[in-house]
């Protein structure tokens, strides 16, 4: 499987994670420890806030 794991901002030379669901670049740097990431799902990866809300928060309220 060919997964996209992160994206590179060529101007800043900073690498950011990509959402494992929608593949959009997140605002989470790849060097940020997973213990400090709010929308990280262990075993799945980094989610953007929108996908996290749809998959996790909304699912808990059903």
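Read-outs: derived from the displayed coordinates by stated rules, not from any lab. Since we're looking at a predicted model, the values are computed, not measured. Glycine also receives a Cβ, built like all others from the backbone with ideal geometry; neighbour counts cover every protein chain displayed.
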Quick check on packing: order 29-36, 41-48, 13-20 by the mean number of other C-beta atoms within 10 Å, highest mean leading. 13-20, 41-48, 29-36
Note down the relative contact order for segment 6-60 as a percent, whole number, built from C-alpha pairs under 8 angstrom at least six residues apart. 28 percent
Potential lengthening between residue 15 and residue 60 on full extension [0.36 nm per residue; Cα-Cα distance subtracted]: 13.1 nm
Contour minus Cα-Cα span, residue 42 to residue 27, at 0.36 nm per residue, comes to 3.6 nm
